[in-house]
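The values are calculated or read from the model by the stated rules, or taken from the named source; none is laboratory data. In this text the structure is predicted, and so the values were computed from the model without any measurement. Cβ placement follows ideal geometry from the backbone for every residue including glycine, while neighbour counts extend to all protein chains displayed. In case anyone asks, the SASA skips ligands and DNA or RNA and just uses the protein heavy atoms, side chains included. Shrake-Rupley method; radii C 1.70, N 1.55, O 1.52, S 1.80 Å.
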Amino acid sequence: MISKEKEYFEIINNIYLKVIEEENLGETANYIPELSKIDGEKFGVSLLFTDQLQFGFGDCEEKFSIQSISKVLLLALVYRETGEKIWERVDVEPSGTPFNSLLQLETDKGIPRNPFINSGALVVCDILIGICDNPKAYFLNFIKKVSGNYSIQYSDKIAKSEFSTAYRNTALTNFIKSLGNIHNSPEDVLDLYVYICSIEMSCMELSKTFSFLANKGKNLFDDYQVLNISQTKRINAIMQTCGFYDESGEFAFRVGLPGKSGVGGGIVAIMPKYYIVSVWSPKLNLKGNSYRGMKFLEEFTTATEDSIF
Ligand code: DON
């Protein structure tokens with residue numbers, strides 16, 4: 001092992017052991033019944049360098065529900081297919097509101113503030129329905145290609161569980177439809193949305209899947225150009241400003257990398273040109289972001305002195 005790799009291995013190992021000893025605050029997502037059953041003590045980490053060296057710690061091979069992390073992949077696919085036209089339907093401003101808020105839609109005339117809050121992802125799902133025949137298969141095939149992993153799947157159980165209590169997302173979809181920014185049936189849009197959120201991956205898989213965002217839009221493993229350089233910069237920028245909802249400022253302040261969280265307890269963060277780091281710990285703070293995940297990443301970038309700033 002050359003020194004940089006040894007150094008990172010030791011830093012992660014030490015922080016992992018330290019964080020696992022500390023109090024594990026928060027709750028697993030309780031509004032999606034299946035997610036509330038997940039063991040809150042699970043803790044996995046994976047670091048993938050752009051030279052393809054990859055480390056994994058703890059529960060890094062165990063699949064979990066990536067939830068809102070999927071919204072980045074959804075955006076990548078639809079941005080790739082439609083180009084800049086997408087921004088006529090969804091904005092790129094931080095909302096400063098919780099991920100499932102209805103608040104700004106009325107004054108913003110149905111244009112969601114950004115593609116990572118639920119309203120924004122619902123509109124992007126609507127666009128996807130409009131550009132292909134079988135959007136679930138189209139999305140899954142895209143993820144398989146991007147991850148280089150043909151075993152990636154949706155979880156029918158998680159999707160059905162979310163659907164059974166999707167009162168706010170139903171309200172959001174109908175509200176946006178009434179404002180003219182959902183073109184297909186609200187039921188179809190919501191059905192696609194919950195499936196997209198139900199994708200399962202391990203930390204090791206997540207880091208590989210997001211490698212294009214650290215590598216100028218190109219997959220690390222097969223050089224597949226997922227997005228062009230400008231699109232890649234823009235998605236990283238939206239992750240930086242909107243990836244953690246009303247905690248995006250806090251994540252930038254504490255961690256200093258573009259990232260995206262999900263209520264399954266996963267977080268992926270990108271150090272452009274250098275690495276992709278994924279963390280999974282299911283207990284969430286009050287903003288719906290992984291408590292240990294945030295803590296781990298803060299200590300990691302503090303110890304390595306890595307930041308985009
Ligand atoms: O729509 C929902 O509520 C979930 N499927 C996704 C929310 C989510 O992951 C928010 N992220 N921290």
Using the Cβ atoms and a cut-off under 13 Å, what net charge is assigned to the surroundings of Leu103, where Lys and Arg are +1 and Asp and Glu are -1? -1
Say each of Asp222 and Lys160 gets a label point 7 Å from the Cα, pointing the same way as Cα to Cβ; how far apart are those two points in nm? 3.2
Ile11-Asp188 pseudo-label distance in nm [points 7 Å out on the Cα-to-Cβ vector]: 4.8
Give the residue from Pro258, Cys132, Tyr150 lying farthest towards the positive end of the charge dipole for the chain; charges sit on Cβ (+1 for Lys and Arg, -1 for Asp and Glu) and the dipole is referred to the Cα centre. Cys132
When the helix-only estimate is applied to the chain (DSSP H runs of n ≥ 4, each -39,500 (n - 2.57), divided by the residue count), what is the mean residue ellipticity at 222 nm, nearest 500 deg cm²/dmol? -13500 deg cm²/dmol
Which net charge results for the neighbourhood of Lys18, defined as the other residues with beta-carbon distances under 14 angstrom from its beta-carbon, given Lys and Arg at +1 and Asp and Glu at -1? -4
Above 24 Å lies some portion of the pair distances; for the stretch 191-309, what is it as a whole percent of all C-alpha pairs? 23
Quick numbers on the stretch 87-240, Rg and Dmax over C-alpha atoms in Å, give 15.8, 45
Cut-off under 5 Å, modelled amide H: who pairs with Tyr275 long-range: Thr50
Residue-normalised accessible area of the chain, expressed per residue, 1.4 Å probe, Å²: 40
Carbon plus sulfur, as percent of the 1.4 Å-probe accessible area of the chain, comes to 52
Mind jotting down the distance between the C-alpha centroids of the stretch 136-152 and the stretch 162-215, whole Å? 16
What is the Cα coordinate range of the stretch 1-115 on the first, second and third principal axes, sorted by size from largest, in whole angstrom? 53, 36, 23
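Longer than 26 Å from Cα to Cα, which of Lys109/Lys160; Lys260/Lys283; Lys136/Lys177; Lys109/Lys157; Lys260/Lys295 are they? Say none if no pair is.
Among Lys109/Lys160; Lys260/Lys283; Lys136/Lys177; Lys109/Lys157; Lys260/Lys295, the Cα-Cα distance tops 26 Å for Lys109/Lys160; Lys109/Lys157.
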Could you tell me what % of all Cα pairs in the chain have separations over 23 Å? 51
What's the angle, to the nearest 10 degrees (0 to 90), between helix 229-242's Cα axis and the longest principal axis of the chain? 90
Could you work out the relative contact order of the chain, using alpha carbon pairs under 8 angstrom and six or more residues apart, expressed as a whole percent? 28
List the cysteines in the chain whose Cβ has no other cysteine Cβ under 4.7 Å from it. Cys125, Cys132, Cys197, Cys242
Listed by chain and number, the residues whose amide H is under 5 Å from that of Ile182, excluding neighbours fewer than 5 places away on the same chain and using placed H, are Lys177
